[in-house]
Amino acid sequence: DRMDERLKRRQEREIKRKTATSGRKLRLPGKLTDCANDDPAGTELFIVEGDSAGGSAKQARDRKTQAILPIRGKILNVASATQEKIRGNSEIADLQLALGCGVRDKFSEDALRYERIIIMTDADVDGAHIASLLITFFYRTMPDLIRQGHLFLALPPLYRISHGGKSAYARDDAHKDELLATMFKGKKPEIGRFKGLGEMMASQLKETTMDPKVR
């Protein structure tokens, strides 16, 4: 009986998603690059900062299961903004449209259009600030999205260290120092710092952050 109930709910979700994407009964934000799969199972929405990061992410993604939504700069801090300001913010409206699951007491896990929501910002201080604002938005408006395990934070590298034929990626300064003291001890490697996701080659972004097999 439980299995039948699960299958029935899954079919209902698939129908909902098909009408949302194929029938276009649901308005989707123009900036969203959607994935091809109709079933939310196994799909991922990457929220990235800016169009340049969006361009790299689009090239690195798996078209079947990964969707990209670029947002412009730092979104509104919903912890201190008025309801009127929140309603009038276009970045927040785009996010809510793309997810399709409603907010606060109207939140519905069954209506969520993606299995994983992944915040993927630059590995620098600004990126961390944008990620905090996004997490605040989800915590305040869709806490169940977090409780039900749908929200993730990507960890793109800040440095690429290479010497001879060997190369490694470092998350932050501490990780870079650790690699220099172990893997590259006694060597003078070349250290490249990524200024942002938009400056990373699509293959590097895929390998380190977006490909579920190796990220």
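Only one of Ala98, Ala123, Ala81, Ala67 is assigned to a loop (DSSP other than H, G, I, E, B), in contact with a Phe, Trp or Tyr (Cβ under 9 Å, 6 or more places away or on another chain) and not β-branched (Val, Ile, Thr); which?
Details: Ala98 fails: assigned to a loop (DSSP other than H, G, I, E, B); Ala81 fails: in contact with a Phe, Trp or Tyr (Cβ under 9 Å, 6 or more places away or on another chain); Ala67 fails: assigned to a loop (DSSP other than H, G, I, E, B).
Checking each option against the conditions leaves just Ala123.
If you check Leu145 against the conditions, is it open to solvent by 10 Å² or more (accessible area, probe 1.4 Å) and out of contact with any Cys (no Cβ under 6 Å at 6 or more places or on another chain)?
Spelling it out, it is not the case that Leu145 is open to solvent by 10 Å² or more (accessible area, probe 1.4 Å) and out of contact with any Cys (no Cβ under 6 Å at 6 or more places or on another chain).
Select from region 71-85 the residues that are under 9 Å from Glu49 (Cβ atoms) and open to solvent by 90 Å² or more (accessible area, probe 1.4 Å) and list them in ascending order.
Selection gives Arg72, Lys74.
Please pick out the residue among Asp38, Asp62 that is open to solvent by 40 Å² or more (accessible area, probe 1.4 Å), at pLDDT below 90, under 29 Å from Arg215 (Cβ atoms) and assigned to a loop (DSSP other than H, G, I, E, B).
Asp38
Checking Glu207 against (1) open to solvent by 50 Å² or more (accessible area, probe 1.4 Å); (2) within 27 Å of Arg72 (Cα to Cα); (3) at pLDDT below 95; (4) in contact with a strand residue (DSSP E or B) (Cβ under 8 Å, 6 or more places away or on another chain): exactly one of these is not met. Which one?
(4)
Output yes when any residue across region 99-115 is modelled with pLDDT under 85, open to solvent by 30 Å² or more (accessible area, probe 1.4 Å) and within 29 Å of Leu197 (Cβ to Cβ), and no when none is. Quick ask: steps written out before the conclusion?
In the first step, residues of region 99-115 are kept if they are modelled with pLDDT under 85; the result is none.
Looking through region 99-115, none of the residues is modelled with pLDDT under 85, open to solvent by 30 Å² or more (accessible area, probe 1.4 Å) and within 29 Å of Leu197 (Cβ to Cβ).
Test each condition in (1) open to solvent by 40 Å² or more (accessible area, probe 1.4 Å); (2) within 30 Å of Arg10 (Cβ to Cβ); (3) not charged (D, E, K, R) for Ile119 and report the one that comes out false.
So Ile119 meets the others, but not (1).
Filter region 131-142 for residues that are in contact (Cβ under 8 Å) with a residue 40 or more places away in the chain and open to solvent by less than 80 Å² (accessible area, probe 1.4 Å) and give the result.
Filtering region 131-142 for residues in contact (Cβ under 8 Å) with a residue 40 or more places away in the chain gives 133-134, 136-137, 140-142.
Residues satisfying the conditions are Leu133, Leu134, Thr136, Phe137, Thr141, Met142.
The values are calculated or read from the model by the stated rules, or taken from the named source; none is laboratory data. Keep in mind the model is a prediction, meaning the values are calculated, not measured. Note that we place each Cβ from the backbone using ideal geometry, even for glycine, and neighbour counts take in every protein chain shown. These area figures cover heavy atoms from the full protein model, side chains too; ligands, DNA and RNA do not enter into them. Shrake-Rupley method; radii C 1.70, N 1.55, O 1.52, S 1.80 Å.
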